[in-house]
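The structure under discussion appears below in the form of structure tokens.
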Amino acid sequence: MIRIVLNPKYEHLREAITQLVHPFRFARSGETLHDGRNTIKRFDCDGASLAVKRYGHISPLNRVVYGLLRCSKAERAYLHAARLRNLGIDTPEEVAFVEERRYGILRASYFISLYSDYRPVMEVIEETAPDADVQMCLFDQLANFIYHIHWAGILHRDLNIGNILCAESLPGKFSFQLIDTNRMEFRQHLSMQMRMHNLRRLSCPLTIYLAILESYALIVRAERDSLQLKGVWYRLLFEKKNRFKARVRRLL
């Protein structure tokens with residue numbers, strides 16, 4: 001059984017989406033944007049440019065959990081994208097999510113959004129490297145974007161630098177989008193400790209991480225050296241934990 005839930009604004013794309021998520025069509029057409037644990041492809045249909053994310057291998061246990069007990073990753077990504085924009089955080093507009101089930105057990109799921117021409121923020125950071133002033137403007141505006149995510153009570157459980165997209169709308173003026181929206185929590189308030197734990201996930205070079213923390217400290221009116229020291233400590237513990245988990249996975 002195929003379940004398709006569409007943003008009412010894009011109901012006219014139902015037939016096209018039904019066709020493009022067919023396993024044979026998805027595998028053999030579209031422009032591949034990312035091919036890893038999950039696959040993301042770009043499709044043009046009926047005048048709309050779509051980004052289609054097919055969630056990767058689902059363990060037998062998760063097939064049951066997502067089939068009977070929890071929303072699928074695709075459904076959460078769809079619902080969270082709408083909620084983010086309502087809170088003033090930009091993200092590519094949700095178009096639909098699709099679930100394929102057999103006997104109630106989840107077999108595959110897809111999240112579909114409008115395609116964004118924003119680029120990974122690390123690409124823009126590297127491009128601005130020759131101009132220290134422009135790069136510092138970028139760090140300030142990136143830190144402000146992350147601050148507003150936290151101020152809105154949003155805890156992105158994978159706040160990887162790769163999940164922030166960027167565009168330079170005017171010289172020295174940058175806009176950002178948050179992606180990979182399925183793993184997040186919405187709270188009334190985030191404590192500073194919760195914010196720092198979240199920031200430790202930014203997988204970027206240490207010099208860039210420190211620059212973002214410096215700008216963040218200025219926004220929240222915290223003492224810069226203390227916040228940077230705490231941020232580095234949390235990051236070291238996080239990286240140590242990830243290395244341990246990786247060793248365990250290799251042993252298993």
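Does W233 count as closer than 27 Å to F111 by Cα and of a type in the set (F, W, Y)? It is false that W233 is closer than 27 Å to F111 by Cα and of a type in the set (F, W, Y).
The set of residues from the stretch 144-158 being among the hydrophobic types (A, V, I, L, M, F, W, C), in a helix (DSSP H, G or I) and surrounded by fewer than 21 Cβ atoms within 10 Å (Cβ to Cβ) comprises F145, W151. Entry remark, the stretch 115-136: residues being open to solvent by less than 50 Å² (accessible area, probe 1.4 Å) and assigned to a loop (DSSP other than H, G, I, E, B) number 2 in total.
The values are calculated or read from the model by the stated rules, or taken from the named source; none is laboratory data. Given the structure is predicted, the values throughout are model-derived calculations rather than measurements. For neighbour counting, all protein chains shown are included, and Cβ atoms are generated from backbone atoms with ideal geometry for every residue, glycine included. For the accessible areas, the whole protein counts, side chains as well, though only heavy atoms, and no ligand, DNA or RNA atoms are used. Shrake-Rupley method; radii C 1.70, N 1.55, O 1.52, S 1.80 Å.
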